[in-house]
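Undergrad: First, the structure itself, so that you have it in front of you.
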Amino acid sequence: MEKDSDQKIVVLTGASRGIGHATVKKFASENWRVITCSRQAFDDRCPWPGGEMNHIQLDLSNPNQTIEAIEEIKSKIGPNLHALVNNAGISPKGKNGLRLNTLNTDLKTWGQVFHVNFFASVVLARGLQKELASAKGAIVNITSIAGSKVHPFAGPAYATSKAALAALTREMAADFGPLKVRVNAIAPGEVETDILSEGTDQIVKKIPLRRLGLPEEVANTIYFLCSNESSYISGAELHINGGQHV
């Protein structure tokens, strides 16, 4: 992913695994330059060229670090940013991987979850608004099916942060629209990644399509919302869950 003045650029958070990993590969295959942000240092095993020079190690749970990272991102992208994908998310678990609930989730955990899953999206979008406007770009926020119904594995901090992100998407669509920047969200259901919780197979039995989603299917939808093929879609939240929400 060498720099090219005509090459489109996307900034993607949470790129190190799962949906984020698949999304990087999708954009790279379409010849976009991908600026990745994650808590982890760049892994040499990531199968895309130029990844290390386009990677920013960033802990989104730290608000000061997130704000400071804006200038580093700007130094890498130049005057135009064609897409921002707010994919990073955390869903803490209790002892032995048990679901945390409203009775036992401490305030520190609530704060960490909201900084990563919600506030970081505001900070990055606002900090990069000029570059997004210059390119008439797009923002995609990754919400979740847990944002609209109680989930057996995702706790309330995660669920309410994703519900708030869905509302934020609508607000951002109204605010960024006059800048010619589109803002949408996708709400994945059960997706086949290496962090699936034990018992997911019982959920799959109740999904109308009777299968897990693939990271590539989610990545393709993210790409669609960042492309010209969705040029009149803004303020939407697309369900990617095989009918699980019905």
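Undergrad: Among the numbered criteria (1) farther than 28 Å from residue 72 by Cβ; (2) surrounded by 19 or more Cβ atoms within 10 Å (Cβ to Cβ), which single criterion is violated by residue 142?
TA: Condition (1) is where residue 142 drops out.
Residues are listed down the side, and each one gets a yes or a no for (1) more than 19 Å from residue 235 (Cα to Cα); (2) touching a helix residue (DSSP H, G or I) at 6+ places or on another chain (Cβ under 7 Å):
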residue	(1), (2)
57	yes, no
96	yes, no
104	yes, no
119	no, yes
123	no, yes
137	no, no
155	yes, no
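Undergrad: Could you check region 215-236 and list, in sequence order, the residues that are farther than 20 Å from residue 137 by Cβ and out of contact with any strand residue (DSSP E or B) (no Cβ under 7 Å at 6 or more places or on another chain)?
TA: Within region 215-236, 216 is the sole residue that qualifies.
Undergrad: If I filter region 237-246 down to residues being touching a helix residue (DSSP H, G or I) at 6+ places or on another chain (Cβ under 8 Å) and in a loop (DSSP other than H, G, I, E, B), which single residue comes out as surrounded by the fewest Cβ atoms within 10 Å (Cβ to Cβ)?
TA: Among those that are touching a helix residue (DSSP H, G or I) at 6+ places or on another chain (Cβ under 8 Å) and in a loop (DSSP other than H, G, I, E, B), it is 245.
Undergrad: When the residues of region 209-235 are narrowed to those that are of a type in the set (A, V, I, L, M, F, W, C) and assigned to a loop (DSSP other than H, G, I, E, B), which ends up surrounded by the most Cβ atoms within 10 Å (Cβ to Cβ)?
TA: The residue in question is 212.
Undergrad: Sticking with this structure for a sec: Is it the case that region 148-167 has a residue that's free of Cβ contacts under 8 Å to residues at least 40 places away in the same chain, exposed (fewer than 14 other Cβ atoms within 10 Å of the Cβ) and out of contact with any Lys or Arg (no Cβ under 7 Å at 6 or more places or on another chain)?
TA: Checked region 148-167: at least one residue is free of Cβ contacts under 8 Å to residues at least 40 places away in the same chain, exposed (fewer than 14 other Cβ atoms within 10 Å of the Cβ) and out of contact with any Lys or Arg (no Cβ under 7 Å at 6 or more places or on another chain).
Undergrad: Can you say whether residue 140 is modelled with pLDDT of 95 or more, under 18 Å from residue 60 (Cβ atoms), among the aliphatic types (A, V, I, L, M) and assigned to a helix (DSSP H, G or I), as far as the supplied structure shows? Before the answer, list the steps.
TA: Values: modelled with pLDDT of 95 or more: yes; under 18 Å from residue 60 (Cβ atoms): yes; among the aliphatic types (A, V, I, L, M): yes; assigned to a helix (DSSP H, G or I): no.
Considered against the rule, which asks whether it is modelled with pLDDT of 95 or more, under 18 Å from residue 60 (Cβ atoms), among the aliphatic types (A, V, I, L, M) and assigned to a helix (DSSP H, G or I), residue 140 comes out as no.
To keep it simple, each residue is scored yes or no on (1) at pLDDT 95 or above; (2) surrounded by fewer than 16 Cβ atoms within 10 Å (Cβ to Cβ).
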{"position": "55", "(1), (2)": "no, no"}
{"position": "75", "(1), (2)": "yes, yes"}
{"position": "86", "(1), (2)": "yes, no"}
{"position": "93", "(1), (2)": "no, yes"}
{"position": "98", "(1), (2)": "no, yes"}
{"position": "104", "(1), (2)": "no, yes"}
{"position": "117", "(1), (2)": "yes, no"}
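Undergrad: May I ask you to say which residue of 209, 179, 165 is at pLDDT 95 or above, more than 20 Å from the chain's Cα centre (by Cα) and at negative phi?
TA: Just a single option satisfies the conditions, and that option is 179.
Residues are listed down the side, and each one gets a yes or a no for (1) charged (D, E, K, R); (2) within 28 Å of residue 93 (Cβ to Cβ); (3) within 14 Å of the chain's Cα centre (by Cα):
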| position | (1), (2), (3) |
| --- | --- |
| 200 | no, yes, no |
| 203 | no, yes, no |
| 229 | yes, no, no |
| 236 | no, no, no |
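The values are calculated or read from the model by the stated rules, or taken from the named source; none is laboratory data. Because the structure is predicted, anything quoted here is derived from the model rather than measured. A quick note on method: Cβ atoms are made from the backbone with ideal geometry, for glycine too, and the neighbour counts reach across all protein chains shown.
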